[in-house]
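See below for the structure under consideration.
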Amino acid sequence: MPPKKRIQKQDILAAAAQVIRQKQTPTVRSIAAQLGCSTQPLYSEFGSQEKLFEALPEYLRQTYLAAHCTSYKDFGRVFLRFAAEEKELFQYLYLRRREPGQTLLEDPNRELTLQLLASNLEMSGEQAAEMHRRMQYYCYGLGVMIATGYRDMSAEEIDRELTDIFVILLRHYKQVPDEATLAYWLERSRHLIG
């Protein structure tokens, strides 16, 4: 029976995240040092430095941002909590230069989020996608302010901000003409913003 591999891909990616948390530039050598090994296991697992660093953003998204939420607001909370609790990882993931044509905001929760919006707010998939895109932009801006220390926000402040922007977007996308109609749509969507 062949010997069991001591260092797995997940170990390497977790070590890379730890290197970033320590405000170091992640390199094959710094990750190997974090693991207490040579660089050989990293190349054995990934084949190349490029493949390792291609896998790292997806690992971070799946580990820290993928969520099984039933509330639309929860997706925003997860994102902003990540910005507050994992500032270095947030900055690595979202404040890096992108290649032309690369997706700007990768969202591991996108499909579930759009389904929640479309079904609960009786809107088309395209409308739900547009509304969510605008919410992403808003959350991204808040996340950058939180992760860079420009602004600290309590959980209550985050909830209030997410509710306020949801109401603004709801008014726009449902073309709410008056307060009674707004009250109807807020009641319909109370579990989305709870």
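Each reported figure results from applying straightforward, stated rules to the coordinates on display, with no laboratory input. Computed from a predicted model, the values in this text were never measured in an experiment. Cβ placement follows ideal geometry from the backbone for every residue including glycine, while neighbour counts extend to all protein chains displayed.
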Straight-line reach from residue 9: which lysines have Cα under 19 Å away, leaving out those fewer than 8 places along the same chain?
51
For the chain, what's the relative contact order in percent, using C-alpha pairs closer than 8 Å and at least 6 residues apart?
22
Per segment 117-169, sqrt(5λ) over the Cα gyration tensor eigenvalues, sorted largest first, in Å, gives 25, 12, 7
Hey, in the GNM for the chain with a 10 angstrom Cα cutoff, which one of 169, 60, 80 fluctuates hardest?
169
Taking a cut-off of 16 Å between Cα atoms, list the aspartates and glutamates near residue 174, but don't count ones fewer than 8 places away on the same chain.
122, 126, 130, 164, 187
Pick from 164, 74, 178: which is most flexible by mean-square fluctuation in a GNM of the chain where alpha carbon atoms under 10 Å apart are linked?
178
What angle do you read, to the nearest 10 degrees and between 0 and 90, between the alpha-carbon axis of helix 179-188 and the longest principal axis of the chain?
40
Sparse-neighbourhood loop sites, trypsin sites (Lys or Arg not before Pro) in segment 41-143 - DSSP loop, at most 12 other Cβ within 10 angstrom:
96, 97, 98
Any idea what angle helix 72-85 forms with the longest principal axis of the chain, computed on alpha-carbon atoms, 0 to 90 degrees, nearest 10?
40
Mind checking the angle between helix 155-173 and the chain's longest principal axis? C-alpha axes, 0 to 90 degrees, to the nearest 10.
60
Calculate log10 I(q)/I(0) of segment 24-128 for q = 0.13 Å⁻¹, where I(q) comes from the Debye formula with a single equal point scatterer on each Cα and nothing for solvent.
-0.63
Only loop residues by DSSP count here, and only those with at most 12 other Cβ atoms within 10 Å; note down the GluC sites (Glu not before Pro) in segment 88-194 that meet that.
122
What would the Debye equation give as log₁₀ I(q)/I(0) for segment 1-65 at q = 0.14, 0.15 Å⁻¹, counting only Cα atoms as equal point scatterers?
-0.37, -0.42
Which of [x] 74, 41, 27; [y] 71, 34, 30; [z] 68, 39, 33 is the computed Cα extents along the principal axes in Å for the structure on display?
[z]
Using alpha carbon centers only, segment 127-154 is separated from segment 168-182 by a whole-angstrom value of 21
